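The values are calculated or read from the model by the stated rules, or taken from the named source; none is laboratory data. Please read these numbers as outputs of a predicted model, since none were measured by experiment. Reconstructed Cβ throughout: ideal geometry from the backbone, glycine too, with neighbour counts over all protein chains shown. Ligands, DNA and RNA are stripped out before the accessible areas are found, and what is left, the full protein with its side chains, is counted by its heavy atoms. Shrake-Rupley method; radii C 1.70, N 1.55, O 1.52, S 1.80 Å.
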Amino acid sequence: MAVIGLGYVGLPLAVEFGRRFDTVGFDINERRLVELRRGHDSTLETTDDELAAAARLILTSNVEDLRRCTVFIVTVPTPIDEHKRPDLGPLLRASETVGRVLKRGDVVIYESTVYPGATEEECVPILERLSGLRFNEDFFAGYSPERINPGDKLHRLTTIRKVTSGSTPEAAEFVDRLYASIITAGTHKAPSIKVAEAAKVIENTQRDLNIGLVNELALIFNRLGIDTGDVLEAAGTKWNFLPFRPGLVGGHCIGVDPYYLTHKAQAVGYHPELILAGRRLNDRMGAYVASELIKAMMRRRIQVNGARVLVMGLTFKEDCPDIRNTRVVDIVNELCEYGVTVDVWDPWVNAGEARHEYGIDPIAAPVPGAYDGIVIAVAHNSFRELGARGIRELGRDPHVLYDVKHVLPAGESDVRL
């Protein structure tokens, strides 16, 4: 079997299958392959010991190594473009690669997040065209949405229940059995590929909307002079209250997946209102945080133009190196518009990757007593361990400490989201 794409999703899958089956891990990124061959995963989703245990896994960028495979699992990313439209480029190129080596009887399974219908409408025709084979006669397809949660050491590939599906009843059964061989949490066989695709895309749409609601509540409570954290703590005493928190909504899933669903909805003549409203609200939160910091600095008569601000954290979530679609950059960019000098500090981040993706050069360590404003943008444990005293030592007198993620107890920061 082959796993196409060895990122956050593909590598754990290839490693797990590579413990049981002859598995080809394919990626076009030679630097990534060199790193993995040396026995280390920089995403930290797979440990060095787990990599070493995948004795039947071969890592390659050579398409010829795929020819002996009969099952292909595609795990490439599906980002959005600058206009918030689905970018299926990586997925279609991966389909072209598979199509060139596809044989009679083979099965192609997609894990990449897409809108309902994309597998059969966009990918399968490429497989047919390049292989010369007929879908559901000569080869078959499946869809099993990824559920990787970067940085989560409790909910991992094998312990998260897997949704599976296939293009025929027989293919669906095959795909389900295949994943059941490695997923200890069990599987759920969806009645169709479209159902499985839709299930994936609404998982994160639902979370996006719930966070959007709490973000809007935070905006309201701020105007009312009420601490949002106190409100949520009180409301959370009811057994069925959902424990969502305000914050920046980035990452490879929550801030992206809803646009796949809205794209397809618009293509069939429906203009989604609630989903897009939630997206617009969440996308504005970085600019809101920056403006609130500036207002707080002005109230303390701190000169804004030329001020120096420390932004703590760049990753899209705590305690992981993933900077994909991080919305911390919105805070940084907005502060720069005010003429502020911004230092970004994140011990989890690869500096070269941050520079390449966002033009940001993270600092190795902050200078004590150097900052007019401090923003705790990501709740890394290392930041929690500093505590209010350790963090405030980085600021000048006076300075403003803005706790976006409620890392500190109430009252120990100057502003909280």
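Can you confirm whether residue 79 is modelled with pLDDT under 95 and either of a type outside the set (D, E, K, R) or on the phi < 0 side of the Ramachandran plot (or both)? Please lay out each step first, then the result.
Details: modelled with pLDDT under 95: yes; either of a type outside the set (D, E, K, R) or on the phi < 0 side of the Ramachandran plot (or both): yes.
Considered against the rule, which asks whether it is modelled with pLDDT under 95 and either of a type outside the set (D, E, K, R) or on the phi < 0 side of the Ramachandran plot (or both), residue 79 comes out as yes.
Would it be correct to say that residue 103 is more than 21 Å from residue 147 (Cβ to Cβ), touching a residue at least 60 places away in the same chain (Cβ under 8 Å), basic (Lys, Arg) and surrounded by 13 or more Cβ atoms within 10 Å (Cβ to Cβ)?
no
When only residues in the stretch 272-295 that are of a type in the set (A, V, I, L, M, F, W, C) and open to solvent by less than 10 Å² (accessible area, probe 1.4 Å) count, which is farthest from the chain's Cα centre (by Cα)?
Within the stretch 272-295, the first condition is being of a type in the set (A, V, I, L, M, F, W, C), and the residues that meet it are 274-277, 281, 285, 287, 289-290, 293-294.
If we keep only those that are open to solvent by less than 10 Å² (accessible area, probe 1.4 Å) as well, we get 285, 289-290, 293-294.
Details: 285: 18, 289: 21, 290: 23, 293: 27, 294: 29 Å.
Only one residue fits best here, namely 294.
Residue-by-condition table, conditions (1) in contact with a helix residue (DSSP H, G or I) (Cβ under 7 Å, 6 or more places away or on another chain); (2) aliphatic (A, V, I, L, M):
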| residue | (1), (2) |
| --- | --- |
| 1 | yes, yes |
| 8 | no, no |
| 17 | no, no |
| 26 | yes, no |
| 41 | yes, no |
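Return the residue satisfying two criteria in turn: it lies in the stretch 387-397 and is assigned to a helix (DSSP H, G or I) and in contact with a Leu (Cβ under 9 Å, 6 or more places away or on another chain), and of such residues it is surrounded by the most Cβ atoms within 10 Å (Cβ to Cβ).
Only one residue tops the list, namely 391.
I'm trying to understand the selection: among the residues of the stretch 361-385, which are of a type in the set (Val, Ile, Thr), modelled with pLDDT of 95 or more and part of a loop (DSSP other than H, G, I, E, B)?
Within the stretch 361-385, the first condition is being of a type in the set (Val, Ile, Thr), and the residues that meet it are 363, 367, 374-376, 378.
Checking which are modelled with pLDDT of 95 or more leaves us with 363, 374-376, 378.
Correct list: 378 only.
Residue-wise test of (1) of a type in the set (D, E, K, R); (2) assigned to a loop (DSSP other than H, G, I, E, B).
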| residue | (1), (2) |
| --- | --- |
| 248 | no, yes |
| 254 | no, yes |
| 264 | yes, no |
| 270 | no, yes |
| 309 | no, no |
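Checking the condition open to solvent by less than 40 Å² (accessible area, probe 1.4 Å), charged (D, E, K, R) and closer than 18 Å to residue 320 by Cα, which residue from 346, 372 passes?
Only one candidate qualifies: 346.
Among the residues of the stretch 316-339, what is the count of those that are part of a loop (DSSP other than H, G, I, E, B) and either open to solvent by less than 10 Å² (accessible area, probe 1.4 Å) or closer than 12 Å to residue 250 by Cβ (or both)?
9
Taking residue 149 as meeting all but one of (1) touching a His at 6+ places or on another chain (Cβ under 8 Å); (2) at pLDDT 95 or above, write down the number of the exception.
In the conditions (1) touching a His at 6+ places or on another chain (Cβ under 8 Å); (2) at pLDDT 95 or above, residue 149 misses (2) alone.
Is it true that residue 134 is farther than 30 Å from residue 244 by Cβ and either more than 25 Å from the chain's Cα centre (by Cα) or modelled with pLDDT under 95 (or both)?
On the way: farther than 30 Å from residue 244 by Cβ: yes; either more than 25 Å from the chain's Cα centre (by Cα) or modelled with pLDDT under 95 (or both): yes.
Yes; evaluated as a whole, the condition is true for this residue.
Please go through the stretch 305-315 and pick out each residue that is touching a strand residue (DSSP E or B) at 6+ places or on another chain (Cβ under 8 Å) and open to solvent by less than 30 Å² (accessible area, probe 1.4 Å).
Residues satisfying the conditions are 307, 309, 310, 311, 312, 313, 314.
How many of the residues in the stretch 191-208 are closer than 13 Å to residue 275 by Cα and either open to solvent by less than 50 Å² (accessible area, probe 1.4 Å) or small (Gly, Ala, Ser) (or both)? Walk me through how you get there before you give the answer.
Let us first name the residues in the stretch 191-208 that are closer than 13 Å to residue 275 by Cα, namely 201-208.
Then keep just the ones that are either open to solvent by less than 50 Å² (accessible area, probe 1.4 Å) or small (Gly, Ala, Ser) (or both); that gives 201, 204-205, 208.
Result for the stretch 191-208: 4.
If I filter the stretch 1-46 down to residues being out of contact with any Asp or Glu (no Cβ under 9 Å at 6 or more places or on another chain), part of a helix (DSSP H, G or I) and open to solvent by less than 10 Å² (accessible area, probe 1.4 Å), which single residue comes out as nearest to residue 110 (Cα to Cα)?
14
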